[in-house]
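K.L.:
One structure coming up, written as structure tokens, with questions to follow.
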Amino acid sequence: MLKSTITQKIVAGFLIANIKSSKYQSKKLRKEVKHFVDGKIKIHKKSQICISSQFHLLIKMNNFRIPFFVFLIISLVACEPQSSAESVLWDSSKEGSFILDTDREVFQGKVTRIIDGDTVEVLDGQTPKRIRLAHIDAPERKQAFSSRSRQTLSELCFGQKVYVEFYEKDIHGRYVCVIYDVEGKNINKEMVRLGMAWHFMRYFNDRSYAKLEKEARKNKVGLWRDSNPIAPWDFRR
């Protein structure tokens, strides 16, 4: 979860002042402002001000008393442009300040089990969830590099806290996701970069994964050392 910044607290203070002085006493509004103060906002969209939801709340208020230009100034201070080079922005000086540029649901958990090179189990609170890594396909059991792929994934995330970006549930009830470690590293991409998984083009067409696979092939890392590697989807036939 995000930690509150000083600017967030300032904005939240203005919001709370308005709520106390306003006739608008919505429980939902008070709850959302509390979440803002506590730093429980986890996701922000690219090219949107990071406290946009709070401004929308203000617009809903019938008689807020703080001049608009004050909030405009605060927004300029609070919302510095975010780098678009990586989808994950990480402030290493503040543990937990994880900002993910996505519209998808994100949750935090601990990796408690490695099933194979593209499937893990994450404990979300008290609920274990089986996660199928999106965009990639790792060697099947009894296939060359299967054990090494599983071991690599274990080295990357086993026993660690991760952030999980949820895509959908597959036909087996698994959560199809991208997972990130606490430093913002995309574990799915790392598996492809290290030559421990293929880019699963049948279901995902993210060119960044295709580029990583191309580099791994070129450098003959991981499974690409094999003279004739067999893709998992062909092996399953």
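The values are calculated or read from the model by the stated rules, or taken from the named source; none is laboratory data. Everything quoted here is computed from the prediction, not taken from an experiment. Ideal geometry is used to build each Cβ from the backbone, glycine not excepted, and the neighbour counts take in all protein chains shown.
K.L.:
I'd like the full set of residues that are in a loop (DSSP other than H, G, I, E, B), buried (at least 16 other Cβ atoms within 10 Å of the Cβ) and among the charged types (D, E, K, R), limited to the range 106-143. Break it down into steps so the answer makes sense when it comes.
P.N.:
Residues of the range 106-143 that are in a loop (DSSP other than H, G, I, E, B), as a first pass: 117-118, 125-126, 134-135, 138-143.
Okay, now just the ones that are also buried (at least 16 other Cβ atoms within 10 Å of the Cβ), so 117-118, 134-135, 138-140, 143.
Result: Asp118, Glu140.
K.L.:
Being at pLDDT below 95 and in contact with a Leu (Cβ under 9 Å, 6 or more places away or on another chain) narrows it down to one residue among Ser97, Ser149, Ser84; which is it? First the steps, then the outcome.
P.N.:
Details: Ser149 fails: at pLDDT below 95; Ser84 fails: in contact with a Leu (Cβ under 9 Å, 6 or more places away or on another chain).
Answer to the selection: Ser97.
K.L.:
Does any residue of the range 174-182 turn out to be loosely packed, with under 15 Cβ neighbours inside 10 Å and at pLDDT 95 or above?
P.N.:
Looking only at the range 174-182, we keep the residues that are loosely packed, with under 15 Cβ neighbours inside 10 Å, and these are none.
Looking for residues that are loosely packed, with under 15 Cβ neighbours inside 10 Å and at pLDDT 95 or above, one finds none in the range 174-182, hence no.
K.L.:
Do you know which residues across the range 196-225 are loosely packed, with under 13 Cβ neighbours inside 10 Å, in a loop (DSSP other than H, G, I, E, B) and among the charged types (D, E, K, R)?
P.N.:
Of everything in the range 196-225, those that are loosely packed, with under 13 Cβ neighbours inside 10 Å, in a loop (DSSP other than H, G, I, E, B) and among the charged types (D, E, K, R) turn out to be Arg202, Lys220.
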